[in-house]
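Undergrad: The structure under discussion is supplied below as structure tokens; questions concerning it will follow.
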């Protein structure tokens with residue numbers, strides 16, 4: 001299994017958060033290591049899948065929050 005720190009670096013690479021020098025070095029490691037390449041593919045696929053998901057609160061949740069907000073609005077002055 002890939003070490004956690006390496007997985008963290010792969011995630012940073014996927015989001016474009018690594019400095020160029022580190023990104024280039026990690027990409028070379030990915031090209032040379034099949035296990036690392038497999039982990040890289042998994043991370044990219046997961047990010048792609050998550051990018052297509054959006055969440056919205058249910059109408060009931062929204063109503064509860066709004067009702068609570070109205071009931072406690074006067075407390076903000078305390």
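Undergrad: Look at residue 72 and say whether it is under 26 Å from the mean Cα position of the chain (by Cα) and either over 30 Å from residue 7 (Cα atoms) or free of Cβ contacts under 8 Å to residues at least 12 places away in the same chain (or both).
TA: On the way: under 26 Å from the mean Cα position of the chain (by Cα): no; either over 30 Å from residue 7 (Cα atoms) or free of Cβ contacts under 8 Å to residues at least 12 places away in the same chain (or both): yes.
No; evaluated as a whole, the condition is false for this residue.
Undergrad: Right, here's the next one. Given the conditions (1) surrounded by 10 or more Cβ atoms within 10 Å (Cβ to Cβ); (2) out of contact with any helix residue (DSSP H, G or I) (no Cβ under 8 Å at 6 or more places or on another chain), report the number of the one that residue 60 does not fulfil.
TA: (1)
Undergrad: What single numbered condition from (1) within 16 Å of residue 6 (Cα to Cα); (2) surrounded by 10 or more Cβ atoms within 10 Å (Cβ to Cβ) fails to hold for residue 32?
TA: Exception for residue 32: condition (2).
Undergrad: Moving to a separate point now. Residues to consider are 47, 30; find the one that is modelled with pLDDT under 95, in a helix (DSSP H, G or I) and in contact with a helix residue (DSSP H, G or I) (Cβ under 9 Å, 6 or more places away or on another chain). Outline the logic, then answer.
TA: Working: 30 fails: modelled with pLDDT under 95.
Exactly one residue qualifies, and that residue is 47.
Undergrad: May I pose another question? Assess whether residue 14 counts as being modelled with pLDDT of 90 or more, at negative phi and either over 18 Å from the mean Cα position of the chain (by Cα) or exposed (fewer than 10 other Cβ atoms within 10 Å of the Cβ) (or both).
TA: Working: modelled with pLDDT of 90 or more: yes; at negative phi: yes; either over 18 Å from the mean Cα position of the chain (by Cα) or exposed (fewer than 10 other Cβ atoms within 10 Å of the Cβ) (or both): no.
No; evaluated as a whole, the condition is false for this residue.
Undergrad: On to the next question. With respect to residue 5, is the statement that it is modelled with pLDDT under 95, assigned to a helix (DSSP H, G or I) and under 20 Å from the mean Cα position of the chain (by Cα) true?
TA: For residue 5, the condition - modelled with pLDDT under 95, assigned to a helix (DSSP H, G or I) and under 20 Å from the mean Cα position of the chain (by Cα) - is met.
The values are calculated or read from the model by the stated rules, or taken from the named source; none is laboratory data. The structure presented is a predicted model; accordingly, all values stated were derived computationally and were not measured. Using ideal geometry, Cβ is built from the backbone for each residue, glycine included, and neighbour counts are taken over all protein chains shown.
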